[in-house]
Amino acid sequence: MTLAARLEAHIKGGGVPIAGVSIGSEQARATWLVQPVSLQSAAQPLIDAFVEPTSQEVADEDALRETTRKELKAVALALWEKIPAPTMTKPQLQARAVAIYKTL
């Protein structure tokens with residue numbers, strides 16, 4: 001996950017319904033802006049309080065994401081095997097399951 005994605009999730013998690021963020025300079029938080037601009041003052045305290053994750057936290061997040069992906073694939077394949085005459089191949093089903101999961 002990128003810095004911008006983490007920051008956006010942090011701000012939204014703090015209750016500010018922004019549409020997105022832009023990072024000017026990673027070292028200058030004054031250049032970290034939100035859209036719409038009208039929510040900048042509400043988001044600024046969350047930007048100021050944002051703490052970047054450690055490399056271990058990033059690794060843990062990546063491992064969790066991979067585990068979740070494997071679990072999703074396992075469930076999709078188990079369901080596929082129970083369908084009497086599936087109209088999708090296993091790779092098509094996996095791709096569709098992942099696409100649906102990303103929209104949740």
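Values in this text are rule-based calculations from the coordinates and carry no lab data. A quick note: this is a predicted structure, and the numbers were derived from the prediction, not measured. Note: ideal-geometry Cβ built from the backbone for every residue, glycine included; neighbour counts use all protein chains shown.
Taking every C-alpha pair closer than 8 Å and separated by at least 6 residues, the mean separation divided by the residue count of the chain gives a relative contact order of 17 percent. For Thr54 and Ala99, FRET efficiency with R0 = 41 Å and r from the beta-carbon atoms, rounded to 0.05? According to the calculation, E is roughly 0.85. Between the helical axis of 40-49 and the longest alpha-carbon principal axis of the chain there is an angle of about 80 degrees. The three principal axes of the C-alpha atoms in segment 56-103 carry coordinate ranges of 45, 18, 14 Å, sorted with the longest axis first. Counted by neighbouring Cβ atoms within 10 Å, the residues Ile23, Ile18 run from fewest to most as Ile23, Ile18. Measuring spread by the Cα atoms of segment 3-52 yields a radius of gyration and Dmax of 9.3, 25 Å.
Full extension of the chain between Thr87 and Ser25 yields a length gain of 17.4 nm, computed as 0.36 nm times the residue separation minus the alpha carbon distance. Comparing the chain with the 2.2 N^0.38 Å rule of thumb, its C-alpha radius of gyration ratio is 1.48 (two decimals).
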